[in-house]
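The values are calculated or read from the model by the stated rules, or taken from the named source; none is laboratory data. A quick note: this is a predicted structure, and the numbers were derived from the prediction, not measured. A quick note on method: Cβ atoms are made from the backbone with ideal geometry, for glycine too, and the neighbour counts reach across all protein chains shown.
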Amino acid sequence: MRETAEAKTASELTRARLLDAAREVFSQRGFQGATVREICRRAEANGAAVNYHFGSKDGLLAEALNFAPLAALQKANANESPRTRLRLFIRDFMLMLLDENNPSSQCRIMARELADPTPALDKIVREAIAPLHEFLGLLVREILDDSGGGKKVGAAEQRRCVYSILGQCLFYRHSHPVLQRLHHKLRYDHEEIVAIAEHIVEFSLAGIKHLSKK
């Protein structure tokens with residue numbers, strides 16, 4: 001019985017190491033660039049371990065994607081005003097997306113999938129991106145309603161507001177190599193990320209206000 005328990009524990013530890021290694025490799029190299037051999041090497045696992053625990057590389061990616069932290073951001077600060085909720089969400093989302101000292105491999109895998117889609121994108125859209133768009137759409141609607149400008153903003157314009165907000169956020173992730181070459185001293189430390197987030201919030205709120213009153 002003891003040997004069985006020890007074997008089960010060893011198997012669970014191997015599985016956990018594979019997930020940690022996979023998140024790291026997928027976030028660095030994308031799904032296409034990641035290899036099972038490299039993941040197993042980093043996890044110090046046998047080359048057949050991925051198939052044993054997850055069935056395939058696709059199965060490993062599906063298991064490695066964990067969107068609970070992103071969902072938690074959307075549920076946080078529920079009692080605050082719409083503008084404050086947007087401000088706090090964008091700040092925390094940008095920290096999750098950019099902070100090198102506290103990296104979110106899930107966000108980075110998502111960012112890579114958006115830039116270079118694979119079959120995993122269907123799962124990401126269904127479980128992470130669609131709920132995120134719905135959350136921001138409702139938040140934009142609340143901000144528009146609170147603006148009191150008297151203009152009814154249609155669903156298409158509301159949707160474009162969401163695209164604009166997320167587009168600004170993802171720009172700083174996708175364009176980081178270019179921005180570093182343009183501005184050699186640029187570093188995504190905590191202060192810079194918070195400043196970027198504040199700019200996105202102010203820019204977005206100004207645009208939403210303009211839509212409601214033009």
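Structure above, values below:
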read-out: Test: residue in segment 179-188 that is touching a residue at least 24 places away in the same chain (Cβ under 8 Å) and on the phi < 0 side of the Ramachandran plot; value: yes
read-out: Those residues of segment 143-192 which are in contact with a His (Cβ under 9 Å, 6 or more places away or on another chain), of a type in the set (Ser, Thr, Tyr) and part of a loop (DSSP other than H, G, I, E, B), in sequence order; value: 188
read-out: Extreme residue, farthest from residue 175 (Cα to Cα), among residues of segment 70-122 that are modelled with pLDDT of 90 or more and β-branched (Val, Ile, Thr); value: 84
read-out: Filter result for residue 114 (crowded, with 18+ Cβ neighbours inside 10 Å and either among the charged types (D, E, K, R) or assigned to a helix (DSSP H, G or I) (or both)); value: no
read-out: Only listed residue being in contact with an Asp or Glu (Cβ under 9 Å, 6 or more places away or on another chain), surrounded by fewer than 19 Cβ atoms within 10 Å (Cβ to Cβ) and not basic (Lys, Arg), chosen from 81, 56; value: 81
read-out: Close pairs from segment 20-42: first crowded, with 19+ Cβ neighbours inside 10 Å, partner of a type in the set (Phe, Trp, Tyr) and assigned to a helix (DSSP H, G or I), Cβ under 8 Å, at least 6 apart; value: 34/26
read-out: Residue 196 vs. criteria touching a helix residue (DSSP H, G or I) at 6+ places or on another chain (Cβ under 7 Å), surrounded by 13 or more Cβ atoms within 10 Å (Cβ to Cβ) and at pLDDT 95 or above; value: yes
read-out: Test: residue 50 is more than 25 Å from residue 198 (Cα to Cα) and crowded, with 20+ Cβ neighbours inside 10 Å; value: yes
